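Quick notes on the structure that follows.
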Amino acid sequence: MSLSKQQIHISRRSFIKKMSAASSLAALSPLSISSILQGSSDDKRIIVVGAGLAGLSCAYELDQAGFNVILIEARSRPGGRVRTYRDSFADNLYAEMGAEYVDSTDNFVKQYCNTFGLKVLPAKQYDGVYVRGRRYSMKGIQSGTDLLPFEGIQKGKLFGQEVQYIQKWIDLVKQKGANSPEVLALDNMSVEEVLKKGGAPKDIIDLYTYTNATEATSVPSKMSALYMVLANSRTSAFSENTVEGRILGGNDQLPKAFAKRLGTRIKYSRSLRSLVFNSKKITANVIEDGKRTSIKGIKCVLAIPASILRTIKIDPGFTSGKTNSIQKQEYGHVMKIAMQYRRRFWDDNNSIGQRVFTDTSLRRIYHFSIDQPGPRGILLTFTSGEDAKKLGRFNENRRMKVAQKACKDIWPESPKYWENGITKYWNEDPFAKASYSLAGVGQKGYREILAKSEGPVHFAGEHTSVHRASMNGAIESGLRVSEELKRAL
């Protein structure tokens, strides 16, 4: 169950932290885990695992409320799947190689940006389309003068072509409700299956693969038809008109702002290996400087992806439902490629556009450095699903050749301005091993199970949020858990 904005109050100087002389000293000098474990309040410690936005927001709110919190993180930085690359580029350019967009409904992200003095910059909308080797303008498609080369489509739009083929199920939701047996049965069907059942030609399924399935980082055959139908019955799905934005100066500023305020309560380069608990206490066994260290507390928050949680030894273990959901929770594949060019040729009058939707393996190619001055610029790509998985098997050099070839097909002049590039394949990241979660076939109820606490262990992360697969969802889950713990303690 998600919390409304009225139920969750993000504290802005509304709490007075109760700090003893010992905690004041801790704020002044970095301490090792072994020394922070000493003290009279150890029996009231809350251990938060994972310094992504879920763990950071949870620890921040608990710390602001005066709780004894320690946050351990396996990486040497905060942010988790929020990752801004800077050192790879010239002229102070940067690129978001992880979580990127803040849309108009991402209220939790926006509230914290306001708290920390960060600005959200609206992103440019799609203005070009390159499919089946042909270039189109988005204006031409929306006006109906350009017709996409796919069978069974409607004029005037790019995304949402699948809706006409699932309309009878959308009507069923409105007539009988989302929890009716007929509607719930859709969870056992994939998006591909329900589209075929609705009479959609192969072209429509292909186009869905390039549109909304790309946003889900999966393919139609692995996505639950139930969630696709429910999304379209409540509101329109992601489209070329979705208003998106980014944090000006880099998304990594948000986790860094949390981390700055948490200070020495965060312990980096500490990987959780096992968790032992009973009704009265919990022990987190971590690796610190190559040695095993135990951290004791009364509560623990696991703010890590299920893809990592399934590798942690839990004693005495979770319930069978929780364990099954952790082991089977579906994740997609995602790769981002950033390419630096010495001239911004995509701004030329004869260019297809600055933000281009494609059916190439790169899927989305767009001018990322739009808010950054200088003659140089960065084209960023977002590829997912099977294309990302295939590219992930290549080495860095071969990945870059594929990217350069796709850009040349779209902008023939691009090779003469090429300088360098870099890729990030999240499924090979040792601390994530996946992109972000998605509603897989037959996984109805997984999110609720994954979000439910078990004994002294609580669970956060975008996979536990109704706003899954987003920075907003990660923060929402952290706030939900912080409220759970405040009530419990």
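In the stretch 104-143, what residues are charged (D, E, K, R), in contact with a helix residue (DSSP H, G or I) (Cβ under 8 Å, 6 or more places away or on another chain) and under 26 Å from Ala259 (Cα atoms)? Outline the logic, then answer.
Of all residues in the stretch 104-143, those charged (D, E, K, R) come to 106, 110, 119, 124, 127, 132, 134-135, 139.
Then keep just the ones that are in contact with a helix residue (DSSP H, G or I) (Cβ under 8 Å, 6 or more places away or on another chain); that gives 106, 119, 124, 127, 135.
Selection gives Asp106, Lys119.
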| query | When you scan the stretch 177-257 for helices (runs of 4 or more DSSP H) that lie fully inside it, which ones turn up with 1 or more residues that are in contact with a helix residue (DSSP H, G or I) (Cβ under 9 Å, 6 or more places away or on another chain) and hydroxyl-bearing (Ser, Thr, Tyr)? | reply | 202-210, 212-215, 225-234
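One line per residue, one yes/no per condition, for (1) buried (at least 24 other Cβ atoms within 10 Å of the Cβ); (2) touching a Leu at 6+ places or on another chain (Cβ under 9 Å); (3) modelled with pLDDT of 95 or more; (4) not assigned by TED's automatic domain parsing to the domain that holds Lys424:
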{"position": "Leu37", "(1), (2), (3), (4)": "no, no, no, yes"}
{"position": "Arg45", "(1), (2), (3), (4)": "no, yes, yes, yes"}
{"position": "Val48", "(1), (2), (3), (4)": "yes, yes, yes, yes"}
{"position": "Ser57", "(1), (2), (3), (4)": "yes, yes, yes, yes"}
{"position": "Tyr60", "(1), (2), (3), (4)": "yes, yes, yes, yes"}
{"position": "Ala99", "(1), (2), (3), (4)": "yes, yes, yes, no"}
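Would you be able to say whether some residue in the stretch 233-240 is at pLDDT below 95 and acidic (Asp, Glu)? Full working, then the answer.
Here is the first cut: in the stretch 233-240, the ones at pLDDT below 95 are 233-240.
Keeping just the survivors that are acidic (Asp, Glu) gives 240.
The answer is yes; a qualifying residue exists.
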| said: Yes or no: the stretch 466-479 includes at least one residue that is more than 28 Å from Asp187 (Cα to Cα), in the same structural domain as Glu61 (by TED's automatic domain parsing) and out of contact with any strand residue (DSSP E or B) (no Cβ under 9 Å at 6 or more places or on another chain). | reply: yes
| Flag for Gly442 being at positive phi and at pLDDT 95 or above | yes
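Hey, any hits in the stretch 163-175 for a residue that's in contact (Cβ under 8 Å) with a residue 60 or more places away in the chain and outside any helix (DSSP H, G or I)?
Residues of the stretch 163-175 that are in contact (Cβ under 8 Å) with a residue 60 or more places away in the chain, as a first pass: 163, 166, 169-170, 173.
Checking the rest, the ones that are also outside any helix (DSSP H, G or I) come to 166.
Among the residues of the stretch 163-175, at least one is in contact (Cβ under 8 Å) with a residue 60 or more places away in the chain and outside any helix (DSSP H, G or I), which makes the answer yes.
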| task | State which residue is nearest to Gly245 (Cα to Cα) when the search covers only the stretch 467-478 and only residues that are out of contact with any Phe, Trp or Tyr (no Cβ under 7 Å at 6 or more places or on another chain) and part of a helix (DSSP H, G or I). | result | Met471
| Pairs where the first residue, in the stretch 201-229, is in contact (Cβ under 8 Å) with a residue 60 or more places away in the chain and on the phi > 0 side of the Ramachandran plot and the second is of a type outside the set (Lys, Arg) and in a loop (DSSP other than H, G, I, E, B), C-beta under 7 Å, 6+ apart | Thr217/Gly332; Thr217/His333; Thr217/Ser435; Thr217/Tyr436; Thr217/Leu438
| said: Kindly evaluate Lys444 against the criterion of being of a type in the set (D, E, K, R) and exposed (fewer than 15 other Cβ atoms within 10 Å of the Cβ). | reply: no
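The values are calculated or read from the model by the stated rules, or taken from the named source; none is laboratory data. Only a predicted model underlies this, so the values are computations on that prediction, with no experimental measurement involved. When we count neighbours, we look across all protein chains shown, and the Cβ atoms used for this are built from the backbone with ideal geometry, even at glycine.
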